[in-house]
Amino acid sequence: MLLQSQNDQLHLLPALPRAWPDGQIRGLRARGGFEVDLRWRAGRLADVTVRSLVGNPCRLRYGPVTRELETSAGQTGSFDAELNPMPKP
């Protein structure tokens, strides 16, 4: 499983198959009006981009790390493996 969304939480790579050590996926739709792009390397999150489609708050979770987000419609944010914000190019 690449993404689990429930309530206001987006759980990233909760059950990545071992057969997929490296990869990426774009455009996953999540509850609450979010679109998620994920990249992973050696079985671990490399980075994630989250687009808010409607402006709801959400909580990103990867392993024990959690980040609270307040969003507005159309807002996009990118985060590293520790869910720290990444600068926009």
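Quick notes
- All told, G55 falls short of being of a type outside the set (D, E), part of a strand (DSSP E or B), over 9 Å from the mean Cα position of the chain (by Cα) and over 17 Å from M86 (Cβ atoms).
- For the stretch 10-22, filtered to residues that are within 19 Å of L83 (Cβ to Cβ) and over 10 Å from the mean Cα position of the chain (by Cα), the residue that is surrounded by the most Cβ atoms within 10 Å (Cβ to Cβ) is L16.
- Yes/no for L83 being under 13 Å from the mean Cα position of the chain (by Cα), surrounded by 13 or more Cβ atoms within 10 Å (Cβ to Cβ) and in a loop (DSSP other than H, G, I, E, B): yes
- Condition met for S72 (among the hydroxyl-bearing types (S, T, Y), surrounded by 13 or more Cβ atoms within 10 Å (Cβ to Cβ) and at pLDDT 95 or above): no
- Filter result for L38 (among the aliphatic types (A, V, I, L, M), surrounded by 13 or more Cβ atoms within 10 Å (Cβ to Cβ), modelled with pLDDT of 95 or more and over 21 Å from K88 (Cβ atoms)): no
- Comparison of R61, R26, R44, R51 shows that the only residue that is in contact with an Asp or Glu (Cβ under 6 Å, 6 or more places away or on another chain), surrounded by 12 or more Cβ atoms within 10 Å (Cβ to Cβ) and at pLDDT 95 or above is R51.
- Residue satisfying all of: in the stretch 12-33; touching a Leu at 6+ places or on another chain (Cβ under 9 Å), part of a strand (DSSP E or B) and not hydrophobic (A, V, I, L, M, F, W, C); nearest to R67 (Cα to Cα) among these: R29
The values are calculated or read from the model by the stated rules, or taken from the named source; none is laboratory data. Note that the structure is a prediction, hence the values are computed from the model and not measured. Because the Cβ atoms are built from the backbone with ideal geometry, glycine has one as well, and the counts that use them run over all protein chains shown.
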